[in-house]
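The values are calculated or read from the model by the stated rules, or taken from the named source; none is laboratory data. Nothing here was measured: the structure is a model prediction, and the numbers come from that model. All Cβ positions, even for glycine, are placed from backbone atoms using ideal geometry, and neighbour counts span all protein chains on display. Just the protein is used for accessible areas: all its heavy atoms, side chains included, with ligands, DNA and RNA removed. Shrake-Rupley method; radii C 1.70, N 1.55, O 1.52, S 1.80 Å.
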Amino acid sequence: MTLGPRHRQLRSCLVLVLALFICQFLVVLLLLRYRFFDDFVSDRHISFGNNDNWREFIAHTPEQPDTYFQYNRQLSDKLPAVRSLPMTRHDSCNTRTYKLPHALNAKLSVVISFYNEARSILLRTILTLISRTPGDYLHELIIIDDCSGDANLLDSLHGVIRSMFATPGPCPILIFKRNRQRRGLIWSRNEGARVSTGHYLLFLDSHCEVNDGWLEPLLDRLALNSSLAVSPLLDPIDPETLSYLTGNVLLKGGFDWSLHFHWLPRQLEEREPPEQQYNSPAFAGGIMMISREWFFKLHGFNPHLQIWGGESIEFAIKLWLCGGQIEIVPCSRIGHIFRAFHAFEFPAQFEQQLDTAQATYLRNSKIIAESWLDEYKYLFYTLKPAAKEIPLNLTHQHYDLALIKTGQQCHRFDWYMRHVNTELKVHNAKYSALGTLRNEDRCLHVENTLPKVKWKLLLVSCYQVEITQWHLHRESGQLSTGSNLCLGVSITNQDRPELTLESCLSGQVKQQRWLRRDTQLLHAETHLCLDNPVQNQLELSSCRPQATSQSFQFALEMETQA
């Protein structure tokens, strides 16, 4: 049957209307997906309509170059107080049903400690938190200024936050404290936890942006297991452009034997969705949420640690060994500025050749090694020999590590290596000894004498930066450096054998074979011992029992010597 002209026109109109409707629907979906309407939707209890208070507040930021903050402060000052952020979590996170406890039983206390943070960055951290957290759960906000140079910041901050509450409604308690002297992030976080009154604690850095829907996935996990500590997946914020980027769901937190944090690859199980929560050996960025009761059962962050550095690793080890667990929850997203360098100087700790930040971190790392690594602490000292000389006074009236370990029935560190951080392996099975090689107060060091590119053996201060690390191979007996040079002996002159330093040869090479006899190094072919008869002079001589000049001690001996 042939349609008339009128019917064809009517059908064309219907198709056109339907196509227009579908296009409008798709446009709306895209706008919602990229959150175009966020700036037009009034928040439940915060008003950003009047920018006068915000602009007045940031105008009083002390003038400093961007290198002072290690991010683009000028650009931050121009951005909105709360800007729209991309939805970086998986779409399935938006349709999940989270089983949350009643707000009366899940009050959240947020602890933010800061030192010399730019005003716009700090306020954006706070306002994104308040505006994107359900008001019924956000119980209190504890802000601790660690004696920043901007002395009037807290008073101004209190005023600007109060002025931004639009209408009566859920309003968090605001607790602002300023340290009279610099106490550090670690002390400040413990203090914030001490004055808190909520059921849960969130420790948040002061250079973050909280994304929508961050709380529910974390609270859902904590409600199932009170011994958990959970961390959002951190979305990096570029320090220069302040672009909000998508974090990697295939990374977890870990550390090496130097006790430095590293990202580790996450291995997915068969059919495991990437957006599923997963165990992590350590916290990423030090941002975590935990039951307040559980935090204090573990006695908080170790008060022996000073200022900043290592506290997240120390607490992670303690948490795992003493009955807890760490999860990263990809459905929860918080943006974090990862600075290339630490922005500020640290108070002096002790007589040191390192800068103050390195010295503080090294001291804190030594405390972690002595507290938790058991016999594996010698691997730390192998890589950080300067830590041996750092003085420690580990007495604190409210922190008895032995009682904590006994009370919580904590595992030994080898349990952590076998069950939690399997990537942290002892990679030294092929060596019988390794690390720095010390004779009295000096260490055997290899120096490159450019431009001839000739290697020179020296005895230098063991605290010299980048001191040579030696490896005594179990099978070949070779004594090698990290650059694959081996200490050997040339016997072209039978009456006067000479020490050589040449590329390591493969197999059983008698010229490069050394035997360990107590603390002596005996050359297998000549049966002579490495000797230091005169300061900074190395030679071979007849072995003499108990000769101090022939006593060479490795940082780590892997087996008992004959």
request  = Return the only residue of Ser231, Ser226 being at pLDDT below 95 and touching a Phe, Trp or Tyr at 6+ places or on another chain (Cβ under 7 Å).
outcome  = Ser226
Residue ID - farthest from the chain's Cα centre (by Cα), chosen from residues in segment 298-342 that are small (Gly, Ala, Ser) and either assigned to a helix (DSSP H, G or I) or more than 28 Å from Thr88 (Cβ to Cβ) (or both) = Gly323
Filtered residues of segment 310-323 (kept if among the acidic types (Asp, Glu) and open to solvent by less than 10 Å² (accessible area, probe 1.4 Å)) = Glu314
key: Enumeration of residues in segment 372-386 that are hydroxyl-bearing (Ser, Thr, Tyr) and open to solvent by 10 Å² or more (accessible area, probe 1.4 Å)   = Tyr376, Tyr378, Tyr381
ask   = Looking at segment 473-489, is at least one residue surrounded by fewer than 18 Cβ atoms within 10 Å (Cβ to Cβ), more than 39 Å from the chain's Cα centre (by Cα) and of a type in the set (Val, Ile, Thr)?
value = no
message = Being in contact (Cβ under 8 Å) with a residue 24 or more places away in the chain, of a type in the set (Asp, Glu) and part of a strand (DSSP E or B): is that true of Glu140 here?
response = yes
message = Looking at segment 508-547 only, could you name the residues that are under 15 Å from Leu479 (Cβ atoms), open to solvent by less than 30 Å² (accessible area, probe 1.4 Å), part of a loop (DSSP other than H, G, I, E, B) and at pLDDT 90 or above?
response = Ala524
message = Given the condition assigned to a strand (DSSP E or B) and crowded, with 21+ Cβ neighbours inside 10 Å, answer yes or no: does some residue in segment 119-136 qualify?
response = no
message = What's the total number of residues in segment 137-166 that are open to solvent by 10 Å² or more (accessible area, probe 1.4 Å) and among the acidic types (Asp, Glu)?
response = 2
message = For the condition polar (S, T, N, Q) and at pLDDT below 60, what is the one hit in Asn94, Asn50?
response = Asn50
task = Filter segment 82-116 down to residues that are within 30 Å of Arg55 (Cβ to Cβ) and out of contact with any strand residue (DSSP E or B) (no Cβ under 9 Å at 6 or more places or on another chain), then give me how many there are.
result = 2
remark   = Within segment 493-507, restricting to residues that are assigned to a strand (DSSP E or B) and within 41 Å of the chain's Cα centre (by Cα), the one that is surrounded by the most Cβ atoms within 10 Å (Cβ to Cβ) is Leu501
request  = Among the residues of segment 52-74, count how many are closer than 21 Å to Leu127 by Cβ and part of a helix (DSSP H, G or I).
outcome  = 11
key: Looking only at segment 384-413, and only at residues there that are in contact with a helix residue (DSSP H, G or I) (Cβ under 8 Å, 6 or more places away or on another chain) and part of a loop (DSSP other than H, G, I, E, B), the one that is farthest from His299 (Cα to Cα)   = Lys384
request  = Might you let me know whether segment 192-203 holds any residue that is at pLDDT 95 or above and closer than 21 Å to Arg96 by Cβ?
outcome  = yes
query = Pick from Ile334, Ile307, Ile326: which is in contact with a helix residue (DSSP H, G or I) (Cβ under 7 Å, 6 or more places away or on another chain), in contact (Cβ under 8 Å) with a residue 40 or more places away in the chain and open to solvent by less than 10 Å² (accessible area, probe 1.4 Å)?
reply = Ile326
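Residue-wise test of (1) under 25 Å from Ala340 (Cα atoms); (2) crowded, with 18+ Cβ neighbours inside 10 Å.
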site	(1), (2)
Asp52	no, no
Thr61	yes, yes
Pro65	yes, no
Arg73	yes, yes
Pro80	yes, no
Pro86	yes, no
His90	no, no
Asn94	no, no
